[in-house]
Number of protein chains: 2
Amino acid sequence: MQHPSLTLNMIQLDLASPEPMQFQLYRAMREAIVTKQLAAGGRLPSTRELAQRWKVSRNTVMGAFDQLTAEGYLKGKQGAGTFVTFSVPDFYSRVTPAGRAACADVVARREAALRQRRMKYQGCTHEPSPLAPLRPTVPSLENFPFALWEQCRKAVLRQGERSLLTYGDTLGYWPLRRAVATYLRDTRGVRCEPAQVVICCGSQQGIYLTASTLLEHGETVWMEDPGYQGARIVYEGFGAKVKPVPVDREGMDIQRAPVAEGVARLIHVSPSHQFPLGHTMSLERRLRLLDYAAASGAYIVEDDYDSEFRYEGRPLSSLQGLDQSGSVVYVGTFSKILFPSLRLGYLVVPPGLVDLFEQSRSRIDGNPTLIDPATIALFMEEGHFARHIRKMRSLYQERLELLHDAVARYLRGGLELEKQQCGMHTVGWLKGSTPDQEVTARAQKNGVVAPPLSQYTRRFTLPPGLVLGFAGFRADEIDNAVKRLADSIPL
Amino acid sequence: MQHPSLTLNMIQLDLASPEPMQFQLYRAMREAIVTKQLAAGGRLPSTRELAQRWKVSRNTVMGAFDQLTAEGYLKGKQGAGTFVTFSVPDFYSRVTPAGRAACADVVARREAALRQRRMKYQGCTHEPSPLAPLRPTVPSLENFPFALWEQCRKAVLRQGERSLLTYGDTLGYWPLRRAVATYLRDTRGVRCEPAQVVICCGSQQGIYLTASTLLEHGETVWMEDPGYQGARIVYEGFGAKVKPVPVDREGMDIQRAPVAEGVARLIHVSPSHQFPLGHTMSLERRLRLLDYAAASGAYIVEDDYDSEFRYEGRPLSSLQGLDQSGSVVYVGTFSKILFPSLRLGYLVVPPGLVDLFEQSRSRIDGNPTLIDPATIALFMEEGHFARHIRKMRSLYQERLELLHDAVARYLRGGLELEKQQCGMHTVGWLKGSTPDQEVTARAQKNGVVAPPLSQYTRRFTLPPGLVLGFAGFRADEIDNAVKRLADSIPL
DNA sequence: CTTAATTTGTACGTATGTATA
DNA sequence: GTATACATACGTACAAATTAA
């Protein structure tokens, strides 16, 4: 077959461009080949000729040719010339307008289908509210002993620099698992061995991991309503049917669960400090719940997200500590005690399930980080952790009182605060008839973050209310925020 | 009703135990109440009497009583005594031996069923091999510019301490997404905007996230065989049917895919440096693959895990850069360039799918970390990143040559190294007839890590071979390891 | 078949701007 | 600030392969 000669007339060089000339040539020629402007098998002009025509060195042309040869577009034959080896396959849809159109159609339909499928999981999206008062779940960062933290980090790095940079254990850094086990035993009445502790990237991942291990597509999950919607989204993402169970002052009542609609595989609760209402689950309800789980084979997810900060009396011990059947997965987090961007949490799983959790963990996200966990471990071992909690407890208690004062000052009659015994946020009931979303929107305009209670419920209607975080903000910030909140509530 | 007096004779204290005595008392009494050894309404002995009997301070007894009172088990009446308030509900199965047995049975069956269900996902587990030569995918940690890294971290913290401790954007720290986009554009020919970049906890999570967004239960995934089994486990965990596609020197051949067994939703490939064999996918195969994806509606996962280190010529540009239909999800990682325990990677997703990925991301693991990403961003902006890659490139090239020398010296005839042009590991073909697993086991005993090739394949048989990592080890370590490897290979 | 012209592939040396140590 | 390394660009030379006269 006679090889047609190709001219390459279409290619223009730009001397002023910062892009190297070799690369300009490479790109232009590749484009020409892929779009079939240069036919397969065609012979290119000699490098000499091209160098002369483009007024560059022959080496420059050869540089471009080399790259194209390496990528398989060209093939040089000594003495004969350089040829386009690569025949853009005829199947290649890009070359014909019809093919292109067909593909575009397929691609568009694919995306539409995907969007459709995912629609059902959408629900309430995570609102990215700004870091303004009174955003809930923000700890006091100003009071975090960052210098101490850095000191621990340095010590940890000095000791084990090389080993802390490599791959860690799937379930987490052992000294941290040990420290967490001790901590939970001492302060939360959790019964566990270090081996049962799983370190994960935040409590959200902990819940995810639990779902991925214990939950099968189509199974039923019972959740508190109102409750933590982040968990609902996770469960629904696994194809679970999430059924709301009403909550009152004694917490979730398992006897009011929709048993008729199918037995639960997972029951998600926050017994120490119900999210978002803040109630503590009563002892009777706890025992009923545990009994139901043991008798029915359901697992309980105990979300203990906020239990560290209790202002009256001793913290109640955990559900997990009462359980004797191995039905409870305990979920905790460091994000709210230390700082959120640390993104570390933990699970305590029943002893018999550790290996199953290890399997799913290694699928999601093989080898975890090491430096931060090692730092936390030391931070705990040296007692800074417990000390910081104690300090924050009294600080947050003060701030809760400040919030009460400010509400009494600026919002008498407009907002009634729930009596809160623990946590970092409280609920304020709106006395007027304005829907809470509307108040939230107005407050946002005034620079105050206060999510509406209605955002946390799916089925049961609540009186209008706001969730107010008081932990992360100074006295003046709280005062100011409540003042502006008062301006946002129509009287 | 007359309250019966209770004796508490059953309670024994253990002075030697590290558990505080208050807590021992608390637990023992709680246990007695819950198991109905102490009846509801019963009057306990006075704290004075108990203190005397147990030979502890009255304060200790009061501590235990306080806790039990706070939790709702007891109620003290001044002048009258302390009473058991909590009546264990009769439903409570734990109280009767029959109920206990029934629960135990349910619990045991639940766990067995779970184990059964999860069995199918088990497959090849992640082998936790020690950090010994010649373990693959270990970068040279000794040469990591840790001082510079710490400097960047410090600078980043100084600038934005408070904001770096709070919650970040779902898809990652924006400056890092921007830096990654620029880097990939310049060095990998990836076409992308910063908004398409998703920061995740390692490439494993990237693959997981992709599967959770694009893959539905029961759909088909095509994968290179041999290939990265971590990805297979992820896909199978989502209920996908994973079909192996053979690989040769030109990479995976889409024309040999098992089309008859169902159309693919996802195609997982490593075109720049096939894992584990190290071949580069030819241009024709690349275009065929892209064409197939665009025409069939499949998505391609391009795992570009190792492409930074190329020792001859320029790195080939990515599949993503050739794609015009938005069918490619590009997966990269920092773990192999910086250090593994950093656990950070990234995806580049098609522009139309960003919001879907954001949704799934927020389910898996809401708000990502900030300090490390910010540090990387600065590290990149200041050029340390590119510099470090360049340095490591020439270092690894040297080490590859050292490996070749050592093999020539100690293993002439026993092992033939694949000619490698890039990456951090290479393949050595065993010339004898011993199965590779056996050689691996012997090597492990001699302190050398060298995974068998057979571990990376599912269906197609390969000649026996070993995967040898040369990047993370010093000259003497490599030499020594090869010597010990020679002792492990029967001649 | 021989020969001369042409072409690639390889190997030098040099200059320059940039980034790095 | 200075020395060093590196990528880009340019020029020259020559061997090996091919082609056409």
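Using a 10 Å cut-off on Cβ to Cβ distances, tally the other chain neighbours for every residue of A:164-175 and report the average as a whole number. Let's see the in-between values first.
Working: counts 3, 13, 10, 13, 4, 1, 3, 0, 0, 1, 0, 0.
The shielding value for this peptide is 4.
Using 1/(1 + (r/R0)^6) with R0 = 51 angstrom and r between the beta carbons of A:Leu157 and B:Arg117, what's the FRET efficiency to the nearest 0.05? Mind dumping the intermediate values first?
Working: r = 42 Å, r/R0 = 0.82.
The value I calculate is 0.75.
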Isotropically averaged projected area of chain B, using the convex hull of Cα atoms (one quarter of hull area), nm²: 32.8
What does the structure give for B:213-220 when I average, per residue, the other chain Cβ atoms found within 10 Å of the residue Cβ? 2
Calculate the length of the line joining the C-alpha centroid of region A:218-244 to that of region A:158-190, in whole Å. 30
Where both residues lie in the protein assembly as shown, what percent of DSSP beta bridges are antiparallel, nearest 5? 60
Under a crude label model (7 Å from the Cα following the beta-carbon direction), how far is B:Ser433 from A:Lys391 in nanometres? 7.2
Distance from region B:373-388 to region A:19-62 (C-alpha centre basis), Å: 35
Rounded FRET efficiency, nearest 0.05, which uses the C-beta distance separating B:Phe460 from A:Asp105 and R0 of 41 Å: 0.70
Residue by residue through region A:336-353, the couplings from Karplus 6.51 cos²θ - 1.76 cosθ + 1.60 with θ = phi - 60°, in Hz, x for Gly and Pro, are 8, 8, 8, 8, x, 6, 5, 6, 10, x, 8, 10, 10, 10, x, x, x, 9
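Take every DSSP beta bridge with both residues inside region B:291-438 and express the antiparallel ones as a percent of the total, to the nearest 5.
Numbers: 8 of 12 bridges.
About 65 percent, rounded to the nearest 5.
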Over all viewing directions the Cα convex hull of the protein assembly as shown casts an average projected area in nm² of 47.0
Helix A:436-445 versus the longest principal axis of chain A: what is the Cα-based angle in degrees, 0 to 90, to the nearest 10? 60
Between the Cα axis of helix B:202-214 and the main Cα principal axis of chain B, the angle (0 to 90°, nearest 10) is 90
Inter-copy distances for A:Ile389, nm, shortest first, label points 7 Å along Cα→Cβ, are 4.4
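Using a ≥ b ≥ c from the Cα gyration tensor of region A:273-351 (square roots of the eigenvalues), is it rounded, prolate or oblate, where a/c under 1.5 gives rounded and otherwise the larger of a/b and b/c decides, a/b for prolate?
Values: a/c = 2.37, a/b = 1.40, b/c = 1.69.
Judged from the Cα gyration tensor, region A:273-351 comes out oblate (a/c at least 1.5, b/c at or above a/b).
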When the helices in chain A are scored as -39500 (n - 2.57) per DSSP H run of 4 or longer and the sum is shared across all residues, what 222 nm value do you end up with, to the nearest 500 deg cm²/dmol? -13500 deg cm²/dmol
Can you give me the C-alpha center-to-center distance between region A:264-335 and region B:248-300, rounded to a whole angstrom? 49
B:Gln12-A:Thr35 pseudo-label distance in nm [points 7 Å out on the Cα-to-Cβ vector]: 9.0
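Among DSSP bridges having both ends in chain A, what percentage is antiparallel? Round to the nearest 5. Working shown, then result.
On the way: 26 of 45 bridges.
Antiparallel: roughly 60 percent of the beta bridges in chain A.
Hey, which of these cross-link pairs are over 18 Å Cα-Cα: A:Lys154/B:Lys154; A:Lys336/A:Lys483; A:Lys154/A:Lys336; A:Lys55/A:Lys77?
A:Lys336/A:Lys483; A:Lys154/A:Lys336; A:Lys55/A:Lys77
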Label-point separation in nm, A:Glu416 to A:Asp186, each point 7 Å along Cα→Cβ: 4.2
Magnitude of the Cβ-charge dipole (Lys and Arg +1, Asp and Glu -1) of the protein assembly as shown about the Cα centre, nearest 20 debye, reported as 100
Work from the charge dipole of chain B (Cβ charges, +1 for Lys and Arg, -1 for Asp and Glu, about the Cα centre) and give the residue of B:Leu417, B:Leu370, B:Leu68 farthest towards its positive end. B:Leu68
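Bear in mind these aren't lab numbers, they're just calculated from the coordinates by the rules spelled out. Given the structure is predicted, the values throughout are model-derived calculations rather than measurements. Every residue, glycine as well, gets a Cβ built from its backbone with ideal geometry; the counts of neighbours run over all protein chains shown.
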